[in-house]
Structure formats: C-alpha cells, structure tokens
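Down below is the structure, laid out as structure tokens.
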C-alpha cells in the first residue's frame, strides 16, 4: 500500500489528465489532452480537429491562468520508479526513499489561479482547519499533490501548509462544495494520520458567505506548521496540549476571574490594534517568532502553577505556544478553542451577553477582518479619526498595511500618503522602487498626509 501511494505522484501525466478536467469546467471545452511518445516528458494539447498543434503544459497554464508548479519531477520519477521496481523490499510508509544520484532542488509550492472571476451569484465560505498530528516526512510531498488535485476540482482558493506536525489551512470554498471539501480532507488527512490529542479544529467565518477572498490556491510543505523560531529546540509532538475551553466556558471563566487572570493575546500588533479582549496583554510583535520571544520575557520568573489564558484568531498559535509553555513546566495553561472566530460565533448567537472581545477580528485574507462587536478601538493612521478598516497601500512596491478611513481613502486614492499617491498618479518617483521589507510593511507609524 505504501509503495502504491508513493507511485501515485510518479505518474505526472495521469495527474495532468486529472487537471485537464478542470479546463472543461472553465470554458476550455475546446481543449483536450493526448499522450506523446513514451520517451517524451512533454504533455501536448491541441484543439480537436487540428493537426500538428503542440504546446507545453506551462503554455497552457499561462494562457488559462492556471499555475501548477510540479517542478523537476520527471527525472526523479524515472529514478524512483526504476529503483522501486528493482528493490525487493517495499518502502515503508514512514521511511524516506533512498536519495537519487543527482541533486533534487527544493520544490516550490503548488499553485492554482482560477481563470477568471466566480460566476455571478456564487457564494463562498471562508473556513480554517488545523490539526496537530504526526505525518511522516516521506509522505508530505505525496499528500501535498493529492490534496491539490482533489481541491482544485472544486475551484477552492486559499493556502494549505503541511508539516511533519500536521496540517494548517485557510480556504475560501464555493458554498456548494463545502461538504466535498470536508469529506476530501477527512479521507486524505484525518482518517489517514489521525486528529491528534488536540482534535481537528474547524472554524467557519463569522460573516455570511460572500465573494472569493483569496486570489489563488497554494499548497506548501513547511518545516513547521507555525514558524516559532525554535526549530530543533523542542518537539511539538512530545509536548502536552493546553486545556481547551469552549467559547461558552471561556466566556464564563472570564466573567468569574475578571481582571485577575493573565490573558495573553498571541497575535501580532496589527491584529490586536483593531480588536482584542478586555484586559489582555497585547504583544507588540510582527511575527509569531517575536511573539514567542515576548512570551518568554512576560512569563520569566512567574509561578508555573499560576493560570495562563491564551487567545488568537483560530487557535493554532495558542495550541503551539500552549504546548511550549507546558513543556517548560507551566501546569495551568488554558486557551480559547477555535480562537476569536469561534468566540465571535458564540457572541453573535447570544446577543444578550456582554462580549469580552471588542472590535474586529483580523483575518489573513482579502477581507482583512470580520466584525465581532460594533466597538471601534482604533483610529485612521492618516487623520486619526476613529476607524478600524485595514487595507494595503495601492502602490504594490509599498503595500503598507494600515488603517484608512473612507475620507482618506478618497483623498489619497487608496495610498498611504503623498509619496505613494504621486507614484500612482504619475508613474514616477522613488516610491516605485521601494525594496521589499515585511517588518516595515506592517509598521505604518505616523503617516504623512499633508
């Protein structure tokens, strides 16, 4: 069985035949795929009735905006296939095949870009899933391609990260395919590798289904589910999970302990700026690695038997950091199961309750946030009037993440200020050659708008 699963990804052409079905779904019915000679590594396509018309798969992808990166498989496939056939003993599921006698470069994420906008009237559901469960390293690449081939059939966009510690995904799915998505992930991941002691944490957007909020589907293999800057210093699988509190119990617990609890918001500064729990410690950080460093500083010298409460967007950052604290000896670590998203569902379904969370829950998709309460706890970074809509500067060389009110958006044409506004209006200026700097991109500071 293991060798069969490994050979699944070796047949590149059959995989592309499966994807060719996608072309028919998107108005490319006039195209069909046909095999070439056995010695050829090229897949050809031609319009029916046309002779001697040959194009590569990459050309097809470019013309129809379907980006599929399955790089440098052919030579490796031939090696693995011959090696497997010549080997008497089958390769076990948790073993890596012996390396080929030539270097294999790091494989890039697999990408799919829908060929156009969604059909009019189609609604999409934004959702997340994560589970912390061991996946053999030798299975990750196969799993990545299986998931991609299955999900691309349903016109799903978003991002999926796989690691030896589990899966973490954030997707936008047509409403009519949500059950197909859940069934596929159950078959491909949860039934194969288990749900781990934390379980499989599903989350659906607090807002009603709407437009597509991701531009593409990306499936990648990562060293860690969430990069904590501590790779090799501790093992997620060898740690004890924190105690998970359902939103109802978490809310009741906050009612009980009031401001006496240590409640840590494990999100980045630009997330907690537009919404957070009352009394929470807000981490002034740009990344989860910085967040973990600040967590160490915050808890240094603290009695390890005292309670620590943790919250984040969907739960995975608290699941990782909670396990980290348990491994460091903290005995009473609790977290909000499903994160702020699940708490938002609870509050909205119980309008008589007074929410402990105020404002918006930042989301890493095109929405840039979903409202939990009507409270506005932040201000426009340009005119400083109360506002909490987060956007990116229209100058893609800047792409600054900042809060902008409707008046400033109209005045500065969706840019962060005079320099980028001038660059967009005239097509000239130093703002068009800004180097990429993530940390500067998420730190708007004091924007000049005069």
- Checked against (1) loosely packed, with under 15 Cβ neighbours inside 10 Å; (2) in contact with a strand residue (DSSP E or B) (Cβ under 9 Å, 6 or more places away or on another chain), residue 238 satisfies every condition except (2)
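In the set 363, 341, which member is under 30 Å from residue 400 (Cα atoms), in a loop (DSSP other than H, G, I, E, B) and not assigned by TED's automatic domain parsing to the domain that holds residue 209?
Details: 341 fails: in a loop (DSSP other than H, G, I, E, B).
Exactly one residue qualifies, and that residue is 363.
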- Note on the structure: Screening 198, 255, 265 for residues that are surrounded by fewer than 17 Cβ atoms within 10 Å (Cβ to Cβ) and either at pLDDT 95 or above or under 24 Å from residue 160 (Cα atoms) (or both) leaves only 255
- Task: Among the candidates 404, 441, single out the residue that is in contact (Cβ under 8 Å) with a residue 24 or more places away in the chain, under 29 Å from the mean Cα position of the chain (by Cα) and either surrounded by fewer than 19 Cβ atoms within 10 Å (Cβ to Cβ) or in the same structural domain as residue 289 (by TED's automatic domain parsing) (or both).
- Result: 441
- Please enumerate the residues belonging to segment 215-235 that are assigned to a strand (DSSP E or B) and touching a helix residue (DSSP H, G or I) at 6+ places or on another chain (Cβ under 8 Å). 217, 219, 220, 221, 234
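Among the residues in segment 137-147, are any within 16 Å of the chain's Cα centre (by Cα) and buried (at least 23 other Cβ atoms within 10 Å of the Cβ)? Steps first, please.
Initially, segment 137-147 is screened for residues within 16 Å of the chain's Cα centre (by Cα), giving 144, 147.
Add one more test, that the residue is buried (at least 23 other Cβ atoms within 10 Å of the Cβ), and what stays is none.
There is no residue in segment 137-147 that is within 16 Å of the chain's Cα centre (by Cα) and buried (at least 23 other Cβ atoms within 10 Å of the Cβ).
The values are calculated or read from the model by the stated rules, or taken from the named source; none is laboratory data. All figures in this text were calculated on a predicted structure; none of them were measured in a lab. Reconstructed Cβ throughout: ideal geometry from the backbone, glycine too, with neighbour counts over all protein chains shown.
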